[in-house]
Every structure is written in structure tokens, then in C-alpha cells.
Amino acid sequence: MTDAVPVPDTASAATPGPAPDPAPDTASDVEADGAPDSAVAIYTDYDPLAEVYAAHWGGTLADAAAPVLEELVLGSLGAGAAVLDLCCGTGDLAGQLSRRGFDVTGLDGSSRMLELAAQRAPGARFVQADARRFELPRQYEAVVSLFDSLNHILASDELAAVFANVLRALEPDGRFLFDLNSEAAYLERWDDELGFVEDDQAVLVRIRYDAVERVGSFHATTFAADPDGEGCWRRFDVTLRQRPYEAGDVSAALLDAGFVDVAAFDAEADLGLDGHSGRVFYVARKPGRG
Ligand SMILES: C[S@@+](CC[C@H](N)C(=O)[O-])C[C@H]1O[C@@H](n2cnc3c(N)ncnc32)[C@H](O)[C@@H]1O
């Protein structure tokens with residue numbers, strides 16, 4: 001990220017109507033295999049960064065990749081098709097899809113990101129859950145997940161759990177489209193500093209890749225004017241971590257999970273998305289009923 005839904009009405013938890021409350025519901029606490037696992041918390045690391053993310057990154061890849069999504073998945077969906085935006089962040093893609101006429105659910109771990117998403121995409125519905133262990137009460141014709149979202153899944157077995165959850169969430173013949181950074185992306189793009197100075201906040205960001213540990217770190221330090229304190233500023237620090245995944249491993253994991261027709265596209269070379277070196281888009285299909 002550095003360049004830098006209708007229906008749920010059962011045990012898990014999505015809002016029931018097309019105009020959701022700003023505060024999202026929380027999905028069931030069920031692991032991919034259906035076993036409760038209280039040891040794994042919902043991923044909430046973006047809560048303190050939500051406003052900054054919304055102002056500077058929200059929608060960046062959704063806008064750039066709109067033609068790609070259209071060509072690879074959306075163009076073949078019928079009007080009003082049900083689409084799940086997994087790790088929807090501040091809801092920019094959910095808003096696009098909803099305005100395009102799809103029946104959209106956004107899922108994310110961060111309640112603050114989801115509050116902003118509900119404002120930005122009032123036609124979608126949102127659910128707070130963890131991608132590694134979500135279970136929704138309906139199925140979707142497509143699941144999309146953009147902008148490094150699944151690089152935040154730091155273990156291969158957890159990514160496999162995400163794939164299993166997505167497979168279960170898809171209708172037969174449903175499509176899954178997502179992007180993941182390979183190591184080339186971190187080596188080429190993750191050594192950077194960024195700064196934003198605004199009237200009421202200043203943000204400093206350091207982006208690094210540790211090639212030994214194979215972990216990318218996004219450190220943000222924010223000074224924000226305290227609305228309750230005269231001339232006082234509050235500082236907070238947040239570190240978000242990502243890891244690379246290589247195309248051969250991801251394709252194998254999708255096939256292992258039960259997907260078919262797995263295809264990988266280099267964002268720059270195959271899809272013409274300049275500035276996204278090392279980013280790979282994947283499309284996979286859930287087998288049909290026949
Ligand atoms: C870089 S943002 C991308 C947001 C959005 N897809 C976009 O294109 O702007 C990554 C998002 O993934 C979410 N996320 C990361 N890991 C997650 C997990 N295990 N479960 C649910 N959400 C997760 C974060 O909360 C954050 O909103």
C-alpha cells in the first residue's frame with residue numbers, strides 16, 4: 001500500500017439492510033474449519049491509522065485497477081451480483097462496486113476503518129471479522145481483496161485458512177481476485193520515507209524491508225492536535241507488518257484449497273499498472289456444481 005452486503009441474518013454478523021449503521025457488526029468467532037479459536041484475535045492494527053489511511057491511500061489501487069477488475073472478474077457478473085470486498089479498509093472499492101450496481105459486503109478487522117467505510121460506501125453493508133477465520137451466512141459471486149491486504153497475513157498456514165474461508169464464501173463458479181506483493185515489491189519499493197503536514201496533524205512514515213526476516217514494516221508517527229487541549233498535540237506510533245508471497249507458492253496454495261483456473265498476472269508487465277513492480281494479481285474460480 002505504500003505507493004506508498006444483502007443478507008446476513010444468521011449466527012454471524014452482518015448488518016441486515018442496505019443502509020448500515022456506521023458501527024459494523026462483529027462476525028462469528030469461528031475458525032476456518034469451524035472450530036472456535038479464541039487465541040486468534042481479530043486484526044485491528046489499522047484502528048489508529050484509519051483517518052490517515054483514508055486521506056492518503058484509500059482508493060488508490062481501487063482506482064488504478066478498476067479496468068483490471070472489470071476485465072478479470074466484474075465484467076462477467078450479472079447486474080446486482082453479490083460481491084464481498086475482503087479487507088475492505090475505508091470502503092473505497094466497496095463504494096465503487098456498490099455504485100456500479102453490485103450487492104456489496106465489506107469485511108475488515110478494524111472497526112475504525114469500517115466506520116469510515118460505512119460513510120464512504122453507504123450503499124454497502126459491512127462486517128467486522130478476521131480474514132483468517134470468518135464465516136458468513138451467505139455466498140457471493142465474487143470475492144475481491146486489494147492493496148497488499150493479504151500480505152498482512154504473516155504465516156502461510158493462515159493464508160491457506162483465508163483461501164479456505166473464501167472458497168466457502170463463494171457460490172459455485174464464483175471468482176476470487178486479489179493482489180499480493182512478491183519479494184521483488186519489497187526490495188524495490190519498501191525503502192522510503194513519507195511525510196504529510198496538515199493543519200491539525202503531521203504524519204511521518206518510514207517504510208523498510210528486512211530481507212533476512214522477510215518482513216516489511218510500515219512505521220507511522222502521528223502528531224495530532226488535541227481538540228480538548230489548548231495547543232496540545234498527541235503523538236501516537238503504529239507499526240504495520242507485511243510479508244511477501246511468491247506466485248508459485250500462492251498458486252499452489254489456491255489449488256490446495258480447492259480452487260481451479262488459477263491465473264497470476266504481473267501488475268506492471270501483464271496489466272500495465274505502472275509503479276506496482278512486484279505486485280501480482282491472482283484470479284481463481286470455485287468449481288461449479290457439475
Ligand atoms: C492496506 S489496507 C487495504 C484496504 C483496502 N482493501 C484498499 O484497497 O484500500 C489493508 C486492510 O486489510 C485489513 N486487514 C489486514 N489483515 C486483516 C485480517 N487478518 N482480517 C481482517 N482485516 C485485515 C486492515 O484492517 C486494512 O483495512
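The values are calculated or read from the model by the stated rules, or taken from the named source; none is laboratory data. All values derive from a computational prediction rather than experimental measurement. Positions of Cβ are backbone-derived with ideal geometry, glycine not excepted, and every protein chain shown enters the neighbour counts.
All of SER149, SER156, SER182 fail the test of being in contact with a Pro (Cβ under 9 Å, 6 or more places away or on another chain), closer than 29 Å to GLU213 by Cβ and not acidic (Asp, Glu), apart from SER182. Scanning region 127-151 for residues being out of contact with any Lys or Arg (no Cβ under 7 Å at 6 or more places or on another chain) and either near the ligand (Cβ under 9 Å from one of its atoms) or under 13 Å from ASP92 (Cβ atoms) (or both) gives a total of 14. Restricting ASP191, ASP173, ASP157 to those that are more than 16 Å from the chain's Cα centre (by Cα), over 22 Å from ALA64 (Cα atoms), surrounded by fewer than 23 Cβ atoms within 10 Å (Cβ to Cβ) and assigned by TED's automatic domain parsing to the domain that holds ASP210 reduces the list to ASP191.
Only residues in region 29-55 that are crowded, with 18+ Cβ neighbours inside 10 Å count as the first member; pair them with residues that are of a type in the set (D, E, K, R) and at pLDDT below 60, Cβ under 6 angstrom, at least 6 apart or cross-chain, and list the lot. The qualifying pairs are GLU31/ASP37. Please verify whether ASP210 is more than 21 Å from the chain's Cα centre (by Cα) and surrounded by fewer than 14 Cβ atoms within 10 Å (Cβ to Cβ), treating the condition exactly as stated. Considered against the rule, which asks whether it is more than 21 Å from the chain's Cα centre (by Cα) and surrounded by fewer than 14 Cβ atoms within 10 Å (Cβ to Cβ), ASP210 comes out as yes.
Which of the residues that make up region 176-188 are more than 17 Å from the chain's Cα centre (by Cα) and within 26 Å of VAL143 (Cβ to Cβ)?
The initial filter retains those residues of region 176-188 that are more than 17 Å from the chain's Cα centre (by Cα), namely 183-188.
Hits for region 176-188 are GLU183, ALA184, ALA185, TYR186.
Within region 266-290, work out how many residues are under 21 Å from GLU141 (Cα atoms), assigned to a strand (DSSP E or B) and not charged (D, E, K, R). Number satisfying all stated conditions: 4. Checked against the criterion of being within 11 Å of the ligand (Cβ to nearest atom), assigned to a loop (DSSP other than H, G, I, E, B) and more than 12 Å from GLY123 (Cα to Cα), the candidates GLY89, GLY78 yield just one match: GLY89.
Among the residues of region 129-154, write down those that are on the phi > 0 side of the Ramachandran plot and touching a helix residue (DSSP H, G or I) at 6+ places or on another chain (Cβ under 7 Å).
Let us first name the residues in region 129-154 that are on the phi > 0 side of the Ramachandran plot, namely 147-148.
PHE147 - this is the single residue of region 129-154 that is on the phi > 0 side of the Ramachandran plot and touching a helix residue (DSSP H, G or I) at 6+ places or on another chain (Cβ under 7 Å).
Here is a list: VAL212, VAL205, VAL238. Which entry is in a loop (DSSP other than H, G, I, E, B) and not basic (Lys, Arg)? Only one candidate passes the filter, namely VAL212.
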